[in-house]
Each structure stands twice: as structure tokens, then as C-alpha cells.
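Heads up, the thing below is written out as C-alpha cells.
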Amino acid sequence: MSATVTVEICMGTTCYVMGSAQLAGIAERLPEEWKSRVTVKGMRCTGACQKAEQFGRAPFVRVNGEIIAEADEGKILSAIRAALEQ
Ligand code: FES
């Protein structure tokens, strides 16, 4: 099993104000056994924050390209777990 997961945290103004700043530290809080398989990085505003009816609400995070709205650590960890188990 060598699946890897990329987590992109939106650092645009809306997401930042809505809490993405706190989420950026998630890399350090990942379970030890995930750390070599998960890459956490920032991303620029994708425009999702302008289309609440389509994407939901900020903050937005992408896990392997899939958008998570109103992201919090619990949602991100679940998405990582699902991606690692694929
Ligand atoms: S600021 Fe995050 S999607 Fe726009």
C-alpha cells in the first residue's frame, strides 16, 4: 500500500478568515503512521467561496482534488483516511 494523499488548504482571504489559518497546522497533528503518505500545502482561492450554492461555505480544503466545504480537522482526517484506504 503506497497511496499518497495531497491536502490543499485554501489560503485565500475568505477561507483564511473563516478558519483555514488554524487548519494549516494539521500536518504536525497527523498520526505518525500517516505522515510519510500525506502532503499538506496551501492553495490559492479557487473561486469556490464565491459560489456558495454550488460548493457550500468556507473554509475550503481539497483532499486529492475533492473539495471539502466548511472544513474542520475532523472532516479532513476522515477524507484522508478514506483516501488512504482506497
Ligand atoms: S478564499 Fe478560499 S475558495 Fe476563495
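Bear in mind that the values in this text are calculations on the coordinates, not laboratory data. Just so it is clear, the model here is predicted, and its values are computed rather than measured. Cβ sites come from the backbone with ideal geometry, for glycine too, and all protein chains shown count toward neighbours.
Data overview
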item	result
Qualifying residue in segment 1-10 (condition: without any contact (Cβ under 8 Å) to a residue 40 or more places away in the chain and in contact with a Phe, Trp or Tyr (Cβ under 7 Å, 6 or more places away or on another chain))	no
Number of the condition not met by A58 [criteria: (1) in contact (Cβ under 8 Å) with a residue 60 or more places away in the chain; (2) assigned to a loop (DSSP other than H, G, I, E, B); (3) crowded, with 16+ Cβ neighbours inside 10 Å]	(1)
Filtered residue count, segment 35-55, keeping only those that are within 10 Å of the ligand (Cβ to nearest atom) and in a helix (DSSP H, G or I)	4
Members of segment 1-20 that are assigned to a strand (DSSP E or B) and either of a type in the set (S, T, N, Q) or more than 8 Å from the ligand (Cβ to nearest atom) (or both)	V5, T6, V7, E8, I9
